[in-house]
Amino acid sequence: MNIILLGPPGAGKGTQASRLVESRDMIQLSTGDMLRAAKTSGTEMGKIVADVMDRGELVTDEIVIGLIREQLEGDKKGGFIFDGFPRTLAQADALAELLAEVGEKLDAVIEMQVDDEVLVHRIVNRAKEAVAAGGTARADDNEDSLRIRLMEYYKKTSPLIGYYHAKGDLSSIDGLASMDEVEASIVKVLG
Ligand code: ADP
């Protein structure tokens, strides 16, 4: 099965993706993680994307599509979980093409519904917890960047809800429930 977890920043996509990796041997493809890794390791691409990411804006379609393309060629295990990708209509079209090229298709798009106040609260908490644990908060987990991340989501990513609904692929679940309940809703969609 190949699935997309769709939802605004802080919706819990990463948490649920990790659970599916454990329970179903799926492969999590998080463009956010890949971009952060590039940033940390100081690659040319990492340097290009650093400021854009820290501000909370989207990096170019070309870069993230390239990252995903590289990952689709290897072992597919229990299938792919796209986490944080696609984030634009152009990325969604590219994903359909890339999957077709490797003889795969999309089985489900799961929209995790949450409200903005909860998102802000979750992200502010995530930043505080990271600092309390002796680490550092993500550079984009601050109020200014968060506002931009939310705006980017509503402007560029939320149109994907209609796009996948029209294709008959969309299932929407309540992302405000407990982590176990959200996991159960996802498992139900996957059948
Ligand atoms: P979150 O969902 O918490 O906002 P992510 O870890 O998915 O965070 O992404 C962090 C940042 O990485 C985004 O704000 C954006 O700058 C960049 N990014 C990640 N995925 C994409 C994508 N598919 N397209 C464009 N930019 C992306």
In region 24-42, what count of residues is obtained for those that are open to solvent by less than 60 Å² (accessible area, probe 1.4 Å), β-branched (Val, Ile, Thr) and either away from the ligand (no atom under 12 Å from the Cβ) or outside any helix (DSSP H, G or I) (or both)?
1
Restricting the first residue to region 170-190 and requiring it to be open to solvent by 30 Å² or more (accessible area, probe 1.4 Å), which pairs with a second residue that is assigned to a helix (DSSP H, G or I) and of a type in the set (Phe, Trp, Tyr) meet a Cβ separation below 9 Å and a spacing of at least six or different chains?
170/163; 170/164
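Can you find a residue in region 56-63 that is in a loop (DSSP other than H, G, I, E, B), within 8 Å of the ligand (Cβ to nearest atom) and either open to solvent by 80 Å² or more (accessible area, probe 1.4 Å) or among the charged types (D, E, K, R) (or both)? Talk me through it step by step, then tell me what you get.
Of the residues in region 56-63, the ones in a loop (DSSP other than H, G, I, E, B) are 56-60.
Checking which are within 8 Å of the ligand (Cβ to nearest atom) leaves us with 56-60.
Those left that are additionally either open to solvent by 80 Å² or more (accessible area, probe 1.4 Å) or among the charged types (D, E, K, R) (or both): 57.
Yes, the conditions are met somewhere in region 56-63.
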How about region 33-82: which of its residues are closer than 22 Å to residue 4 by Cβ and among the acidic types (Asp, Glu)?
33, 57, 61, 62, 70, 73, 75
Across region 64-94, which residue is nearest to residue 15 (Cα to Cα) among those that are assigned to a helix (DSSP H, G or I) and touching a residue at least 40 places away in the same chain (Cβ under 8 Å)?
71
Number of the exception - residue 9 against (1) at pLDDT 95 or above; (2) within 7 Å of the ligand (Cβ to nearest atom); (3) not in a helix (DSSP H, G or I)
(1)
What's the total number of residues in region 121-134 that are touching a residue at least 24 places away in the same chain (Cβ under 8 Å) and either of a type in the set (Lys, Arg) or surrounded by fewer than 15 Cβ atoms within 10 Å (Cβ to Cβ) (or both)?
2
Number of the exception - residue 118 against (1) surrounded by fewer than 16 Cβ atoms within 10 Å (Cβ to Cβ); (2) within 12 Å of the ligand (Cβ to nearest atom); (3) of a type in the set (A, V, I, L, M)
(2)
All-but-one check, residue 136 against (1) closer than 24 Å to residue 19 by Cα; (2) more than 11 Å from the ligand (Cβ to nearest atom), failing number (1)
If residue 177 passes every condition in (1) in a loop (DSSP other than H, G, I, E, B); (2) hydrophobic (A, V, I, L, M, F, W, C); (3) over 18 Å from residue 20 (Cα atoms) but one, which one does it miss?
(3)
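The values are calculated or read from the model by the stated rules, or taken from the named source; none is laboratory data. The structure displayed is predicted, hence computed values, not measured ones. Positions of Cβ are backbone-derived with ideal geometry, glycine not excepted, and every protein chain shown enters the neighbour counts. Heads up: the accessible areas ignore ligands, DNA and RNA and are worked out on the full protein's heavy atoms, side chains in. Shrake-Rupley method; radii C 1.70, N 1.55, O 1.52, S 1.80 Å.
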